[in-house]
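Structure, as structure tokens:
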Amino acid sequence: MKKDDKYYLIIVKLFFFIFFYFSNSYANENLHFLSLKNNLVNLRQGPSFEYPIKLTYKKKYLPVIILDKSDAWRQTKDFENNSGWIHISQLSKRKSGINIQNNTIIYKKPTIYSEPVAILELGRLVLIKKCKIKWCKIKTGNYIGWIIKNSLWGKI
């Protein structure tokens with residue numbers, strides 16, 4: 001194999017690595033999340049008040065993924081895969097997340113060597129203040145601290 005062939009092979013491998021890395025990152029970042037604006041929000045079977053209610057959410061700021069739009073309605077899916085339609089007036093841009101790992105530790109600073117503040121149970125709702133590359137500063141109940149980003153599902 002010639003020297004030029006080796007460089008060509010390295011460049012091709014590098015190109016494919018970068019392409020797949022950024023396409024996967026873009027796919028994850030491309031999800032559009034909103035959160036529930038009120039404590040009582042109806043999830044309907046279709047994009048109109050005429051459609052029956054599938055279920056009623058009872059938790060303000062619960063994050064949902066936006067799947068589709070129809071006029072003033074948004075088709076959504078929650079972290080338990082319930083899907084349906086919610087009127088846009090019931091949705092907020094407030095950043096929130098759901099803890100998807102059992103016994104997740106909230107730390108005082110964004111490092112595992114920092115002082116633990118609390119332990120979160122699976123499914124706990126958190127409000128997101130800000131995020132860094134691997135950490136998010138969150139508030140839940142009376143606790144404020146940092147949590148590893150991979151522990152959260154929602155708008156991070």
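The values are calculated or read from the model by the stated rules, or taken from the named source; none is laboratory data. What you see is a predicted model, and the numbers here were worked out from it, not measured in a lab. With ideal geometry, Cβ positions are generated from the backbone for all residues, glycine too; neighbour counts draw on all protein chains shown.
Screening segment 128-146 for residues that are of a type in the set (A, V, I, L, M) and more than 14 Å from residue 108 (Cβ to Cβ) and picking the one that is surrounded by the fewest Cβ atoms within 10 Å (Cβ to Cβ) gives 133.
Counting residues in segment 110-128 that are assigned to a loop (DSSP other than H, G, I, E, B), among the aromatic types (Phe, Trp, Tyr) and modelled with pLDDT of 95 or more gives one or more. Applying the criterion of being without any contact (Cβ under 8 Å) to a residue 24 or more places away in the chain and not in a strand (DSSP E or B) to the residues of segment 129-149, the residue that is farthest from the chain's Cα centre (by Cα) is 142. Criterion first (touching a helix residue (DSSP H, G or I) at 6+ places or on another chain (Cβ under 7 Å) and on the phi < 0 side of the Ramachandran plot) does residue 72 satisfy it? Yes. Scan segment 71-82 and tell me whether some residue there is without any contact (Cβ under 8 Å) to a residue 24 or more places away in the chain, assigned to a strand (DSSP E or B) and farther than 17 Å from residue 135 by Cα. Yes, some residue in segment 71-82 is without any contact (Cβ under 8 Å) to a residue 24 or more places away in the chain, assigned to a strand (DSSP E or B) and farther than 17 Å from residue 135 by Cα.
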